[in-house]
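Everything below concerns the one structure shown next.
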Amino acid sequence: MTALGLASRREADTWIEAGWVRVDGKMAVLGQRVGPDARIEVDAAAHQQQAQRVTILLNKPIGYVSGQAEDGHEPAVVLLRPENQWAEDKSGTRWHPGQLRGLAPAGRLDIDSVGLLVLTQDGRVARQLIGEDSTIEKEYLVRVVKEGGGQLSDQALALLNHGLELDGHKLKPAKVSWANEDQLRFVLREGRKRQIRRMCELVGLTVVGLKRVRIGSVVLGHLPPGQWRYLRREEFFG
């Protein structure tokens, strides 16, 4: 079911335990092996439950961590209060506290980074954005200064695009270009810990500001810092 994109692994287990899944007309059981030609039927109750799950877009400010509270810093989820919902949210979804249950970040932003953070109850969204086989682009605007002054060489810029290693692993090709005289635009298809900052360090740059502005086809747009909105039904990351 996960491979078919019907549900996350945890979600599929819950549906099977609830008796909402049939394989070739028979009730499915946990751990059951299913052939490629099997007919999988999912009860309407499962689809209804799935449709009620929300995905939230937050413009994370500096000073909040993406996941669990750590080192005295609050998690970004504390900003998800009705008074912080963007006035221009056009999703039509109504807020209720139960939407915080099972809500988790699909990707991280460092405590000193800002911009688009996705929090979701939907395992399919999480898998699409942070699964091992994810190909969704993430775009960042990165303000940098050159150590010792001067300009970044064309060779160093080429290395940022392809050729660097982190933790003994070659990085996937990136798209890195100058957005203006002191700000680089990074487009990545992977997300190693503090990847952009560490990439910049390898070519003699110090990051002084980092903002995520796009994930797939969903952009941060005019969403104000510290405010959030729901992902609309017609919006898709990829």
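What follows is calculated from the coordinates using simple rules that are stated; it is not laboratory data. Note that this is a predicted model, so its numbers are computed, not measured. We place every Cβ from the backbone using ideal geometry, glycine too, and count neighbours over all the protein chains shown.
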Quiz prompt | Only Lys, Arg (+1) and Asp, Glu (-1) charged, at Cβ; the range 97-229 dipole about Cα centre in debye | solution = 420 debye
Quiz prompt | Within the chain, helix-based [θ] at 222 nm, where runs of 4 or more DSSP H residues each add -39,500 (n - 2.57), nearest 500 | solution = -4500 deg cm²/dmol
Quiz item: lysines within cross-link reach of LYS138: Cα-Cα under 26 Å, excluding same-chain residues under 8 positions apart?
Solution: LYS60, LYS90, LYS146, LYS170, LYS172, LYS175, LYS193, LYS211
Quiz item: Taking H as built 1.01 Å from N, whose amide H comes closer than 5 Å to the amide H of LEU210, not counting residues under 5 places away?
Solution: VAL114, ARG143
Exercise. Would you mind getting me the FRET efficiency between GLU235 and ALA156? Use the beta-carbon distance for r and R0 = 35 Å, nearest 0.05.
Key: 0.45
Quiz item: Cα centroid distance between the range 210-238 and the range 109-166, in Å?
Solution: 16 Å
Quiz prompt | Rounded to whole Hz, the Karplus (6.51, -1.76, 1.60) HN-Hα couplings of the range 143-148, x for glycine and proline | solution = 8, 9, 10, 8, 4, x
Practice problem: Compute the normalised compactness of the chain: alpha-carbon radius of gyration over 2.2 N^0.38 Å, N being the residue count. | Solution: 1.17
Exercise. In nm, give the distance between the simple-model label positions of GLU132 and HIS222, each being 7 Å from the Cα along the Cα-to-Cβ direction.
Key: 4.3 nm
Quiz item: What net charge is computed for the residues neighbouring TRP20, neighbours being all others with C-beta under 10 Å from the C-beta of TRP20, Lys and Arg scored +1, Asp and Glu -1?
Solution: -2
Exercise. Relative to the compact-globule scaling 2.2 N^0.38 Å, provide the ratio for the alpha-carbon radius of gyration of the range 9-50.
Key: 1.08
Exercise. With label points built 7 Å along Cα→Cβ from the Cα atoms of GLN52 and THR206, find their separation and express it in nm.
Key: 5.2 nm
Quiz item: Quick one: Debye curve from the C-alpha atoms of the range 138-215, no solvent, what's log10 I(q)/I(0) at q = 0.21 Å⁻¹?
Solution: -0.92
Exercise. Restrict the search to the range 18-94; then list the trypsin sites (Lys or Arg not before Pro) that DSSP places in a loop and that have at most 13 other Cβ atoms within 10 Å of their Cβ.
Key: ARG33, ARG39, LYS90, ARG94
Quiz item: How big is the C-alpha Rg of the range 40-119 next to the rule-of-thumb value 2.2 N^0.38 Å, as a ratio?
Solution: 1.27
